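Notes to accompany the following structure.
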Amino acid sequence: MAKLTMIQKALSLKEKYEIYDGDTLKYYIERRKLVSSKPVFDISVESGVVASAAVTETGSPLVFSLTFNGEDAGDVRYDGVAGINKLIYEAKGIEIDGNSMLTEFSVKDKDKKIIGTVKKKIVSFKDTYDIEFASEEDSLLMVMFTLLIDETFHG
């Protein structure tokens, strides 16, 4: 299992996160504008932006439009139904289910097999998440899902 840690930066003008593989900074995320009803977040590596998530619908459903390496990657939807803690990424047949406390999320493929987990640390000054996933090729996707979990359920 591959593991990453995502930590929200405190005391920043723009919403920012850093993602670590052990002690090594792997990705960082930054919100493009400080104030916006439809925020856009960029996930970057040292050489530049590799993915983005833009809020395209703010009601119910809440919709995030994703891009990876400049290519449209489809939408992730949250229907905002009371008691349903689920994000749906139809383009890949992926569902992200949260527990009742919204501290642990399972990422399931189209066959309902768990391909990763996201756990929010309860006792932490900054929003901090432990991310685990089976395949290194899912690294960027799992970081994106963690950002969407934070924005949807803990924003």
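Read-outs throughout are calculated quantities, based only on the coordinates presented, and are distinct from any laboratory measurement. As the structure is a computational prediction, the values presented were derived from the model and not from experiment. In this analysis, Cβ positions are derived from the backbone assuming ideal geometry, glycine residues included, and neighbour counts consider all displayed protein chains.
Of note:
- Potential extension, Glu46-Leu11 segment - 0.36 nm per residue separation minus Cα distance: 10.4 nm
- Residue of Lys16, Lys120, Lys33 that the Gaussian network model of the chain assigns the largest fluctuation, springs spanning Cα pairs under 10 Å: Lys33
- In the chain, helices alone account for a calculated mean residue ellipticity at 222 nm of -2000 deg cm²/dmol, with every DSSP H run of four or more residues adding -39,500 (n - 2.57).
- Cα-projected label distance for Ile122 with Glu18, points at 7 Å along beta-carbon direction, nm: 2.7
- Rg ratio (alpha-carbon, reference 2.2 N^0.38 Å) - the stretch 2-154: 0.97
- Within the listed set Glu30, Glu46, Glu104, the residue fluctuating most in the Gaussian network model of the chain (springs between alpha-carbon atoms under 10 angstrom) is Glu46.
- Rounded to the nearest 20 debye, dipole of the chain from Cβ charges on Lys, Arg, Asp, Glu: 460
- Alpha-carbon centroids, the stretch 1-28 and the stretch 113-127: separation in whole Å: 13
- Relative contact order (%) - the stretch 2-154, alpha-carbon pairs under 8 angstrom, separation at least six: 16
- With a cut-off of 17 Å on the backbone N, no residue of the stretch 114-155 is near the modelled label site 7 Å out from Asp72 along Cα-Cβ.
- Per-residue ³J(HN,Hα) for the stretch 75-82, Karplus 6.51 cos²θ - 1.76 cosθ + 1.60, θ = phi - 60°, Hz, x for Gly and Pro: 10, 10, 10, 10, 7, x, 8, 4
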